[in-house]
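Every number here is computed from the coordinates shown, using simple stated rules; none is lab data. All values reported here derive from a predicted model rather than from experimental measurement. As a convention, Cβ positions derive from the backbone with ideal geometry for all residues, glycine included, and neighbour counts pool all protein chains shown.
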Amino acid sequence: MNKKVVVIPTYNEIKNISKLILELLSLDGNFDILVVDDNSPDGTGQEVERLSGLHKEVNILHRPGKLGMGRAYIDGFKWALMRNYELICEMDADFSHSPRDLLRLLDAINDSDLCIGSRYIENGGVVNWPVWRQVLSRTANLYTRLVTSMPVKDVTSGFKCFRRRVLESISLDKIRSEGYSFQIEMHYKVLKKGFNVKEIPIIFVDRQHGKSKISKKIIIEAFFTVWKLVFSKNED
Ligand SMILES: Nc1nc2c(ncn2[C@@H]2O[C@H](COP(=O)(O)OP(=O)(O)O)[C@@H](O)[C@H]2O)c(=O)[nH]1
Ligand SMILES: [Mg+2]
């Protein structure tokens with residue numbers, strides 16, 4: 001039986017995290033959960049610590065401070081690779097990604113190496129996002145696809161599932177992106193390696209609790225990352 005884990009980065013998600021974990025556990029999908037918390041001042045890390053004492057499927061990786069979502073995922077991936085997980089998923093902590101869709105991703109990866117939950121294919125979509133976020137996301141997608149020629153429709157999606165061989169083949173320490181460009185960089189590198197990438201539709205719902213961590217820095221980083229990727233000679 002394939003070992004499966006979903007990696008969830010958190011920063012100040014106290015209003016979401018217990019509910020999300022309990023919902024994921026109730027799905028009975030036979031997967032483990034790893035939360036990577038950046039010493040959230042609101043106590044998210046301590047709450048997950050408590051839940052990890054009650055449920056053997058729940059794990060927590062504490063980092064000393066806010067070091068960025070990209071590095072949180074890298075640390076989470078390394079943790080999972082060391083523990084022999086075969087399927088390693090990514091998911092946000094704020095219910096924008098539906099727990100039920102995680103089961104669909106785990107199912108759909110059967111015939112691919114990376115399966116992405118996509119907002120921008122038929123039957124996918126976004127609910128309750130303010131217009132500026134929709135415009136930003138659509139523009140970022142269009143811009144990235146024009147510059148990189150990637151055949152992925154939702155290049156900034158943070159809901160996906162990798163086979164371990166995909167993550168093993170990438171030099172994780174060379175990934176520098178912190179925000180959305182982390183997703184772009186991963187997709188670019190996976191495609192460049194020739195892996196089989198698939199998208200399935202998801203409906204992304206804006207968070208009801210807590211705050212988005214999007215910032216100008218994250219947007220600017222994504223703007224430049226696409227050019228760095230295209231001009232980089234580095235294969236991995
Ligand atoms: N560990 C960690 N998690 C982060 C950091 N920044 C964002 N996150 C988490 O990454 C996920 C996506 O972030 P979010 O702010 O919801 O982005 P948005 O949905 O695009 O507005 C959430 O689970 C956040 O808690 C960070 O610096 N460190
Ligand atoms: Mg969010």
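Residues whose amide H comes within less than 5 Å of that of residue 199, counting only those at least five positions distant or on another chain, are 116 (H built at 1.01 Å from N in the peptide plane).
Just how many % of Cα pairs in the range 153-236 lie over 15 Å apart, if you round to the nearest whole percent? Percent of Cα pairs beyond 15 Å in the range 153-236: 63.
Distant-in-sequence amide contacts of residue 35, defined by a placed amide H-H separation under 5 Å and a gap of 5 or more residues or a different chain, comprise 8, 59, 60, 61.
Exposed loop sites here are GluC sites (Glu not before Pro) assigned a DSSP state other than H, G, I, E or B and surrounded by at most 11 other beta carbons within 10 Å; excluding them, the longest clear run of the chain is 1-121.
The alpha-carbon atoms of the range 34-96 define a convex hull whose volume equals 100 cubic angstrom per residue.
Note on 132, 227, 79: ascending count of other Cβ atoms within 10 Å places them as 132, 227, 79, the fewest first. Per-residue 3J(HN,Hα) values for the range 196-202, derived from phi via the Karplus relation 6.51 cos²θ - 1.76 cosθ + 1.60 with θ = phi - 60°, read 7, 10, 10, 10, 10, x, 9 Hz in sequence order (x marks Gly and Pro).
Mean silhouette area of the range 4-231, derived from the convex hull of its C-alpha atoms and averaged over all directions, reads 11.4 nm². For residue 24, the shell of other residues with beta-carbons less than 11 Å away shows a net charge of -2, using +1 for Lys and Arg and -1 for Asp and Glu. Rounded to whole numbers, the Karplus 3J(HN,Hα) couplings from phi for the range 42-57 are 7, x, 3, x, 5, 5, 5, 4, 4, 5, 5, x, 9, 10, 5, 6 Hz, using 6.51 cos²θ - 1.76 cosθ + 1.60 with θ = phi - 60°, and x at Gly and Pro. Put in line by how crowded their Cβ is, counting other Cβ atoms within 10 Å and starting with the fewest, 83, 119 read 83, 119. Converting phi to 3J(HN,Hα) with the Karplus coefficients 6.51, -1.76 and 1.60 and the offset θ = phi - 60°, the range 87-103 yields 10, 10, 10, 10, 7, 6, 8, 9, 6, 5, 9, 6, x, 4, 5, 4, 5 Hz in sequence order, with x at every glycine or proline.
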